[in-house]
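Single-structure report; data block below.
The values are calculated or read from the model by the stated rules, or taken from the named source; none is laboratory data. Note that the structure is predicted; figures quoted are calculated from it, not measured. Reconstructed Cβ throughout: ideal geometry from the backbone, glycine too, with neighbour counts over all protein chains shown. Heads up: the accessible areas ignore ligands, DNA and RNA and are worked out on the full protein's heavy atoms, side chains in. Shrake-Rupley method; radii C 1.70, N 1.55, O 1.52, S 1.80 Å.
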Amino acid sequence: MTATITPTRIQDQLQDVIHRHAQGVDYLEIRLEQSESLRLGFRGTRFDAVDRGLSLAGGIRACYRGGWSFVTFNGLSELSERVQDAVAQARLIGQEVTQLADVTPVVDYVTASIATDPRTVPLSEKRELLNHYNNLLLQYDSRIQTTSVGYRERFGITYLATSTGTLLAQERLDVSGMFGVVARGAEMVVRQGYESVHSRSDYNVLVGIEDQVLGAAQRAVRQLEAQPVKGGQYTVILDPYLAGVFIHEAFGHLSEADFVYENPRMQELLQLGRQVAIPELNVVDDATLPGLPGSLVYDDEGVPGQRKYLIKDGVLTQRLHSRETAGKMAEQPTGNARALSATYAPIVRMTNTGIEPGTQDVADMMQDIDLGVYCVRMLGGQTNGELFTFAAAEGYMIRNGQLAEPVSDVTLSGNVFQTLKDIEAVGKDTVYRNGGCGKAGQSPLPVSVGGPHVRIKNVVIGGR
């Protein structure tokens, strides 16, 4: 399939279909994805997954008088018929006015920069490497009950042709390893540990990472010895990973403009220009950072990826937009229309979201805390509008300015706007980590979250 359907042929066919059918609607686009993927997995001692896939599929969006239709297709032979369906459906439901922010059409082919291509590495070598890491985890401690160890690779080319003149092709490679353990201690106490590795360019990111992989087992075993934290209100310090997850989940989703323009309360709370935090807090969504899962040259509407300040000097400054939300809110597109694959419609999504580094050392942030909690990574959580609850993977008491005993069952909850106001200090050690984000049934979309250590007062901590 990949040898006979060339990029030039695909682009020519998409452009021809657009030209023949665009007159019937206000806007028409075709996205097509040609991909190959591999997944391997161990569960405990059992090698239980070898999945390989090849795909050529896509989606068509048509808009007429504000009404959208979305139709998927498998293979180019049915493309023209499916486009006709999309046009007819849009004309059937459109009753208002199409509002799409203007963008400059682009014609481009974006290649992936690849160091060691995973497709050149034998399957047996990949399996053996995964087996090696799985055995390290299983043998680390007798209290490790089971493991979940996986490998994924995916290379794809996504094509985009629009009625406004954009004609794009973008290559993308993703290579990742996932390492999880479950440990069981006395009195049926169960703890989990997780680690992941990702690269957009190099299979060798997975080679020689024994210490990093073992971190998953070490965290799970340490938590077996920890006592549940006493519930209450504390000054807390979030490590860079949890700080990034907090700003992504609790605040970043509120910055997605499709959520804002449909919600009058959020429009009031998220008025641009409002001071929401100390001047030292700066929050960005940056698609231009090199090599991260959320990085992109163009989004799925052909809008260039950008660096945006959601909060600048403690002030709300910008929202994340698709062309439609930008048009409806009279703002500029930000390159945040993203889809899980070409068979999903693009919606407003984050890219690489994080807190910019401040000026303080974590030791200085900790030294005047008489009693607090140091919270490490995230185990799980949920958000509901402006309210959030997160469970830290690990916790340590802070006593008299020093790290003390480990504690477990650390959950943090609160109102995001009050919590932003309660941020007291921002560290200078920002780190970005790979992640996957879910929204509207599209999960896991590749993103990154980042931040430095962050100190927050008056956080409600719940124990067991």
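Below are the figures for this structure:
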read-out: Heavy-atom accessible area per residue - the chain, 1.4 Å, Å²; value: 43 Å²
read-out: Heavy-atom accessible area ranking, 1.4 Å probe, most first, across Ile369, Ile347; value: Ile347, Ile369
read-out: 16 Å reach of a label modelled at Gln271, 7 Å along Cα-to-Cβ, counting backbone N of the stretch 310-342; value: 315-318
read-out: Euclidean distance of C-alpha centroids, the stretch 421-462 and the stretch 348-385, integer Å; value: 6 Å
read-out: Point-charge dipole on Cβ atoms (K/R +1, D/E -1) for the chain, about Cα centre, debye to 20; value: 700 debye
read-out: Nearby lysines by direct alpha-carbon distance to Lys328 (threshold 20 angstrom, same-chain neighbours under 8 apart not counted); value: Lys308
read-out: Accessible-area composition of the chain, carbon plus sulfur, in percent [1.4 Å probe]; value: 47 percent
read-out: Helix 210-224 vs. the chain, principal-axis angle (Cα, 0 to 90°, nearest 10); value: 50 degrees
read-out: Cα→Cβ-extended label distance, 7 Å offset, between Ser443 and Leu54, nm; value: 3.3 nm
read-out: DSSP beta bridge pairing in the chain, given as percent antiparallel to the nearest 5; value: 90 percent
read-out: Relative packing of 254-266, 450-462, which averages over residues the other C-beta atoms within 10 Å, highest first; value: 450-462, 254-266
read-out: The stretch 175-228 and the stretch 93-166: distance between their alpha carbon centers, rounded to Å; value: 21 Å
read-out: Highest-first arrangement of 310-317, 158-165, 114-121, 246-253, where packing means the average Cβ count within 10 Å; value: 246-253, 158-165, 310-317, 114-121
read-out: Ranking by accessible area, most exposed first, for Arg200, Arg152 with a 1.4 Å probe; value: Arg152, Arg200
read-out: Value of [θ]222 nm, deg cm²/dmol, for the chain, DSSP H segments ≥ 4, -39500 (n - 2.57) each, nearest 500; value: -6000 deg cm²/dmol
read-out: Candidate lysines - alpha carbon under 16 Å from Lys312, same-chain residues fewer than 8 apart omitted; value: Lys421
read-out: Residue order for Lys439, Lys421 - accessible surface, 1.4 angstrom probe, largest first; value: Lys421, Lys439
read-out: Calculated FRET value between Glu225 and Thr359, using beta carbons and R₀ = 35 Å, to 0.05; value: 0.50
read-out: Relative contact order [Cα under 8 Å, 6+ residues apart], the chain, whole percent; value: 15 percent
read-out: Distance (nanometres) between label positions extended 7 Å along Cα→Cβ at Thr116 and Ile278; value: 4.3 nm
read-out: Angle between the chain longest axis and helix 123-139 axis [Cα atoms, degrees, rounded to 10]; value: 20 degrees
read-out: Theoretical gain in end-to-end length, Gln95 to Tyr109 [0.36 nm per residue, Cα-Cα removed]; value: 1.4 nm
